[in-house]
Amino acid sequence: MDINIKIVDQIDCTRVYEDLSHPGSGGVCVFIGSVRNTTANETVNELFFEAYEAMAISEMEVIAKEATAQWGLNKVIMHHAIGTKKIEEPVVLVGASSAHRTACFEACRFLIDTLKERVPIWKKEFFDNKKVWVTPHP
Amino acid sequence: MKIHFFGIAKEIVGSSELDYSALEFPKTVAGLKVQLLEQYPKLQELSSLAVALNKKYATEEMELSQNDEIAIIPPVSGG
């Protein structure tokens, strides 16, 4: 089991293939979340991310281990950025590699969906005349 | 004993950290939530309010002790 988890100032998307490639893997699946310029038709200028870092890391470890056990993954990566992020900047990168593609596709979806539900990271949206902490609707 | 706050909860409380003296400190997670919601009614407007003990999500009945690392977790919005 090979798990690579980090909270970073900047996401590096250039190394992800190296990070996930594995002799026993026939497939690598990656999801990158980035800063979009609108929310509900309002122009977003930038985002700010804050994390409870130690807990965020340990929750991501739990999620990565769950995914590894469920889909028999060879490698898992989960990186999340903190601080101010401009439009089009990557903010989260998750991925998995596995013998066959179905496992890594499904695992990748699970990694990002579960991260969004459980990992203690918060996003603030900056508009032209207001800033709001994003609080997802139940 | 210190309690850490993040995101919108930090904004409502007006600080990233609060100090509680041993006397006023609640015994359980549920007790702590009651106390905080009374003190900061705006926290009631959040869709959820979780408590983490020693970097793990805590259940309501869990007991608090002096050495716990306690954090208030408003609705998360990473990703």
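Counting only residues that are touching a strand residue (DSSP E or B) at 6+ places or on another chain (Cβ under 9 Å) and open to solvent by 30 Å² or more (accessible area, probe 1.4 Å), which one in the range B:15-29 is farthest from B:D68 (Cα to Cα)?
Restricting attention to the range B:15-29, the residues satisfying the condition of being touching a strand residue (DSSP E or B) at 6+ places or on another chain (Cβ under 9 Å) are B:15-20, B:27-29.
Checking the rest, the ones that are also open to solvent by 30 Å² or more (accessible area, probe 1.4 Å) come to B:15-19, B:27-28.
Values: B:S15: 19, B:S16: 17, B:E17: 14, B:L18: 14, B:D19: 13, B:K27: 12, B:T28: 12 Å.
Per the criteria, the residue is B:S15.
What's the total number of residues in the range B:4-14 that are away from chain A (no Cβ under 12 Å) and either assigned to a helix (DSSP H, G or I) or within 18 Å of B:V76 (Cα to Cα) (or both)?
Here is the first cut: in the range B:4-14, the residues away from chain A (no Cβ under 12 Å) are B:13-14.
Okay, now just the ones that are also either assigned to a helix (DSSP H, G or I) or within 18 Å of B:V76 (Cα to Cα) (or both), so B:13.
Adding up the residues that qualify gives 1.
Cβ-Cβ under 6 Å, sequence separation 6+ or interchain: first residue in the range B:1-27 and under 15 Å from B:E38 (Cβ atoms), partner among the aromatic types (F, W, Y) and open to solvent by less than 60 Å² (accessible area, probe 1.4 Å). Which pairs?
B:I12/B:Y40; B:V13/B:F5; B:V13/B:Y40
Could you say whether any residue in the range B:64-78 is away from every other protein chain (no Cβ under 14 Å), open to solvent by 40 Å² or more (accessible area, probe 1.4 Å) and free of Cβ contacts under 8 Å to residues at least 60 places away in the same chain?
Filtering the range B:64-78 for residues away from every other protein chain (no Cβ under 14 Å) gives B:64-67.
Narrowing further to those that are open to solvent by 40 Å² or more (accessible area, probe 1.4 Å): B:65-67.
Adding the requirement that they be free of Cβ contacts under 8 Å to residues at least 60 places away in the same chain leaves B:65, B:67.
Yes, the range B:64-78 contains at least one residue that is away from every other protein chain (no Cβ under 14 Å), open to solvent by 40 Å² or more (accessible area, probe 1.4 Å) and free of Cβ contacts under 8 Å to residues at least 60 places away in the same chain.
Here is a list: A:A56, A:A67. Which entry is touching a residue at least 24 places away in the same chain (Cβ under 8 Å), crowded, with 18+ Cβ neighbours inside 10 Å, more than 12 Å from chain B (Cβ to nearest Cβ) and not β-branched (V, I, T)?
Values: A:A56 fails: more than 12 Å from chain B (Cβ to nearest Cβ).
Answer to the check: A:A67.
Do you know which residues across the range B:45-58 are in a loop (DSSP other than H, G, I, E, B) and either at positive phi or over 12 Å from the mean Cα position of the chain (by Cα) (or both)? Walk me through how you get there before you give the answer.
Pass one, the range B:45-58, residues in a loop (DSSP other than H, G, I, E, B): B:46-49, B:54-55, B:58.
Those that are in a loop (DSSP other than H, G, I, E, B) and either at positive phi or over 12 Å from the mean Cα position of the chain (by Cα) (or both): B:L46, B:S47, B:N54, B:K55.
If you go through the range A:1-43 one residue at a time, how many are on the phi < 0 side of the Ramachandran plot, polar (S, T, N, Q) and open to solvent by 70 Å² or more (accessible area, probe 1.4 Å)?
Counting residues in the range A:1-43 that are on the phi < 0 side of the Ramachandran plot, polar (S, T, N, Q) and open to solvent by 70 Å² or more (accessible area, probe 1.4 Å) gives 5.
Within the range B:2-44, can you find the residues that are in contact with a Phe, Trp or Tyr (Cβ under 8 Å, 6 or more places away or on another chain) and at positive phi?
B:G7
Can you pull out every residue in the range A:87-107 that is surrounded by fewer than 24 Cβ atoms within 10 Å (Cβ to Cβ) and either in contact with a Pro (Cβ under 6 Å, 6 or more places away or on another chain) or more than 7 Å from every other protein chain (Cβ to nearest Cβ) (or both)?
First, the residues of the range A:87-107 that are surrounded by fewer than 24 Cβ atoms within 10 Å (Cβ to Cβ): A:87-92, A:99-103, A:105-106.
Correct list: A:I87, A:E88, A:E89, A:P90, A:V91, A:A99, A:H100, A:R101, A:T102, A:A103, A:F105, A:E106.
Counting only residues that are more than 9 Å from chain B (Cβ to nearest Cβ) and free of Cβ contacts under 8 Å to residues at least 24 places away in the same chain, how many does the range A:108-129 have? Step through it out loud before you land on a result.
Start the filter on the range A:108-129 by keeping residues that are more than 9 Å from chain B (Cβ to nearest Cβ), which leaves A:108-111, A:114, A:125-129.
Checking which are free of Cβ contacts under 8 Å to residues at least 24 places away in the same chain leaves us with A:129.
Residues meeting the conditions: 1.
The values are calculated or read from the model by the stated rules, or taken from the named source; none is laboratory data. None of these values were measured; they are calculated from a predicted model. Cβ sites come from the backbone with ideal geometry, for glycine too, and all protein chains shown count toward neighbours. Heads up: the accessible areas ignore ligands, DNA and RNA and are worked out on the full protein's heavy atoms, side chains in. Shrake-Rupley method; radii C 1.70, N 1.55, O 1.52, S 1.80 Å.
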